[in-house]
Amino acid sequence: MKLPREAVPNQLVKTRNTLLLPLIARSIETDWSVGLAGSFTFQFNRHDTITRTSNAQMLALYSLRKQFIAAINGTTYFPGERVILNYQLSYSHFPDKFWGLGKDAPDSQEEAYTFQQYYIYLHAQRKLRERIFVGILYEYQRLLDVDYLPGGLFDQLAVPGRSPYHVSGGGLSITYDSRNNAFAPDKGGFLQVYFNTFSPILGSNFRYTNYVVDFRRFIQLYRQQVFAIQAYGFFNSGDTPLRSLASFGGSNSMRGFYDGRFRSKNQVVVQAEYRVPIIWRLGAVGFAGVGNVGNHLFDLNFQDLNYSYGGGLRLALNRKERLNLRVDYGWGIGQSHSHGLYFQLGEAF
């Protein structure tokens, strides 16, 4: 997508803010980790009251489980929001866990494996009309190595992608976005639908298509209290490799479950948060969610549902842009039971 000439000014105009801090983080997947986190927010023109603040976040973490993650991600809003660019670049060396595919993944099947991965995601959107955007997206993923137990679950289930591979795919999106803030909106809504097709024509080792529906709504209630809800659907068709499957759980969805506790071609999750300011820079949150996975669409039913709930605190690192340090504790119940503490930068959704 070609950017209009007027959307790229010669320089930024005194509207930048940089935050760099050492970070101690924790999640169920990583245990405790240490590293460096950075946030850069900016606008192209301080007199532009229409365009939301752009942001870029950088992260480098090393965990007690010998996991290393380096990532850069962000959203750039060009003047008048005529063009929006989302991006994510990352490298991971990650000892992980695997319980099988689909709903039938008991705790007793837990197996350890390790992977190394490069990941690129680019999503450019052009305004079609007020609050409505059409976009093109590209995703590249390269798995350098998967170290797993020979003869174990990976081989028994003939999991696609248990050997080194790369995938490359492109797709289209349509988005409605009326949120008033990039980090922690307190009003407005978001609905995005997209598909991404991976094919040997684009250099992919696997042929499959990923479909995503993401709906969010933010309602400001009494004295800046906010009710936030998200409904998220992730679907695949074709020969989908390991790291492109739906990954159930994590720090942003179904908190309390290990990210990847259930892996399948498809998943649906609905979650809600109630956000309350307390005093100074502090706030509190209560959250709950429900979701399901399935290798087929008809498996996404009301049987074998999983639930999550919990609460947490927020510390505003940048009050103007609403960038928060997030501390959550979540419980996951259903086909598996687990719980855990999360230290993260930014809201879950």
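Tabulated results
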read-out: Among (1) farther than 22 Å from residue 255 by Cα; (2) assigned to a strand (DSSP E or B); (3) not acidic (Asp, Glu) - the single one residue 80 does not satisfy; value: (2)
read-out: Which numbered condition residue 50 misses (of (1) modelled with pLDDT under 90; (2) surrounded by 16 or more Cβ atoms within 10 Å (Cβ to Cβ)); value: (2)
read-out: Counted residues, region 248-257 - those being part of a loop (DSSP other than H, G, I, E, B) and either touching a helix residue (DSSP H, G or I) at 6+ places or on another chain (Cβ under 7 Å) or among the hydrophobic types (A, V, I, L, M, F, W, C) (or both); value: 2
read-out: Sole exception among (1) part of a strand (DSSP E or B); (2) touching a Gly at 6+ places or on another chain (Cβ under 9 Å); (3) surrounded by 18 or more Cβ atoms within 10 Å (Cβ to Cβ) for residue 260, by number; value: (1)
read-out: Filtered residue count, region 284-304, keeping only those that are part of a loop (DSSP other than H, G, I, E, B) and either over 19 Å from residue 333 (Cα atoms) or among the hydroxyl-bearing types (Ser, Thr, Tyr) (or both); value: 2
read-out: Conditions (1) open to solvent by less than 30 Å² (accessible area, probe 1.4 Å); (2) under 20 Å from residue 116 (Cα atoms); (3) in contact (Cβ under 8 Å) with a residue 40 or more places away in the chain; number of the one not met by residue 25; value: (2)
read-out: Any chance residue 317 is in contact with a Gly (Cβ under 7 Å, 6 or more places away or on another chain) and modelled with pLDDT under 90; value: no
read-out: Any hit, region 114-123, residues being among the hydrophobic types (A, V, I, L, M, F, W, C), closer than 18 Å to residue 250 by Cβ and either open to solvent by 50 Å² or more (accessible area, probe 1.4 Å) or touching a helix residue (DSSP H, G or I) at 6+ places or on another chain (Cβ under 9 Å) (or both); value: yes
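This table checks each residue for (1) surrounded by fewer than 21 Cβ atoms within 10 Å (Cβ to Cβ); (2) modelled with pLDDT of 95 or more.
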| site | (1), (2) |
| --- | --- |
| 248 | no, no |
| 254 | no, yes |
| 267 | no, yes |
| 271 | no, yes |
| 276 | yes, yes |
| 284 | yes, yes |
| 290 | yes, yes |
| 294 | no, no |
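Condition check ((1) in a strand (DSSP E or B); (2) open to solvent by less than 10 Å² (accessible area, probe 1.4 Å); (3) at pLDDT 95 or above; (4) more than 26 Å from residue 349 (Cα to Cα)) across all residues:
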residue	(1), (2), (3), (4)
175	yes, yes, yes, no
184	no, no, no, no
196	yes, yes, yes, no
214	yes, no, yes, no
217	yes, no, yes, no
228	yes, yes, yes, no
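The values are calculated or read from the model by the stated rules, or taken from the named source; none is laboratory data. This is a predicted model, so every value here is computed, not measured. Here the Cβ is made from the backbone with ideal geometry for all residues, glycine too, and neighbour counts use every protein chain on show. In case anyone asks, the SASA skips ligands and DNA or RNA and just uses the protein heavy atoms, side chains included. Shrake-Rupley method; radii C 1.70, N 1.55, O 1.52, S 1.80 Å.
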